[in-house]
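Working notes, structure below.
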Amino acid sequence: MLKDGMLLYHGSYAAIDAIDLSKCVHGKDFGKGFYLTENHEQARSFITNSIRKARNTNNISVNQNYGFVSVFKYHKIDEDILTYSFETADRNWLWYVSMNRRKDLAERFVNRLDKRLLNAEIVIGKIANDTTNPTITAYLSGFYGDVESDTAVNFAISQLMPERLKNQFCFRTERAVKCLEKVEVLRYDQ
């Protein structure tokens, strides 16, 4: 799924000239890391939400009405970088997203997940929609049934609607980030 020479896109209120993992936050689908998508339009659509969040945290002026899509090219390097790819949004995908979004409620899943996933430097899989936290909280609280039941898992996944979006690529370590070459940064007015 991740191929040498592949272009990946990051939409944000800020241009990304150099990736700094220390600025990445916890609580995202695949944990702390630098997120990209394989779809330029999807990255561009993320700008609006990024601007809103940056305004709310006073990281930018309330008057800023533009953002950027930073374009990177992936280069497979000689080192063996552990990559884990979810083929679909399934039970393990839901448990991993739940564990990263709501650690306080989902710690029990960590022992059920593939150790390769837990140690992965790059994680690839579907994006959950913007209603992720309320849906995951309801799921983990048992509102959809037992969290291990097919009924609860399938209902939670259907509410998260991951099938409507492309894959996201989470680069979680410095070694993984070294695989990315900045190509260009495009500005978009909102």
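The values are calculated or read from the model by the stated rules, or taken from the named source; none is laboratory data. Keep in mind the model is a prediction, meaning the values are calculated, not measured. Quick reminder, even Gly has a Cβ in these numbers, built from the backbone with ideal geometry, and neighbours come from all protein chains shown.
List of remarks:
- Matching residues, segment 149-178, being farther than 21 Å from SER98 by Cβ and either crowded, with 21+ Cβ neighbours inside 10 Å or polar (S, T, N, Q) (or both): PHE171, THR173, ALA176
- Evaluated against (1) surrounded by 15 or more Cβ atoms within 10 Å (Cβ to Cβ); (2) more than 27 Å from GLY67 (Cα to Cα), ASP146 falls short on exactly one condition, (1).
- Single match in VAL97, VAL123 (criterion: at pLDDT 95 or above, in contact with an Asp or Glu (Cβ under 9 Å, 6 or more places away or on another chain) and crowded, with 20+ Cβ neighbours inside 10 Å): VAL123
- Looking across segment 66-94 at every residue that is out of contact with any Ser or Thr (no Cβ under 7 Å at 6 or more places or on another chain) and farther than 19 Å from ASN167 by Cβ, the one that is surrounded by the fewest Cβ atoms within 10 Å (Cβ to Cβ) is identified as ASP78.
- Flag if LYS76 is touching an Asp or Glu at 6+ places or on another chain (Cβ under 7 Å), part of a loop (DSSP other than H, G, I, E, B) and under 16 Å from ILE124 (Cα atoms): yes
- Subset of segment 87-102 [touching a residue at least 60 places away in the same chain (Cβ under 8 Å) and of a type outside the set (A, V, I, L, M)]: ASP90, ARG91, TRP93, TYR96, ASN100, ARG101
- Residues in segment 23-42 that are of a type in the set (Gly, Ala, Ser) and at pLDDT 95 or above: GLY33 alone.
- With respect to (1) touching a residue at least 40 places away in the same chain (Cβ under 8 Å); (2) under 30 Å from ILE77 (Cβ atoms); (3) under 20 Å from the mean Cα position of the chain (by Cα), the lone exception for LEU160 is condition (2).
- The set of residues in segment 79-94 being modelled with pLDDT of 85 or more and in a loop (DSSP other than H, G, I, E, B) consists of ASP80, ILE81, LEU82, PHE86, GLU87, THR88, ALA89, ASP90.
- Residue in segment 31-40 that is closer than 20 Å to LYS126 by Cα, touching a strand residue (DSSP E or B) at 6+ places or on another chain (Cβ under 6 Å) and in a helix (DSSP H, G or I) present: yes
- Residues that are farther than 16 Å from LYS28 by Cβ number at least 3 in the following helices (runs of 4 or more DSSP H) confined to segment 102-155: 132-140.
- Annotation: of all residues in segment 8-17 being modelled with pLDDT of 95 or more and out of contact with any Lys or Arg (no Cβ under 6 Å at 6 or more places or on another chain), the one that is surrounded by the fewest Cβ atoms within 10 Å (Cβ to Cβ) is ALA15.
- Looking only at segment 41-65, residues that are in a loop (DSSP other than H, G, I, E, B) and either buried (at least 18 other Cβ atoms within 10 Å of the Cβ) or of a type in the set (A, V, I, L, M, F, W, C) (or both) come to 2 in all.
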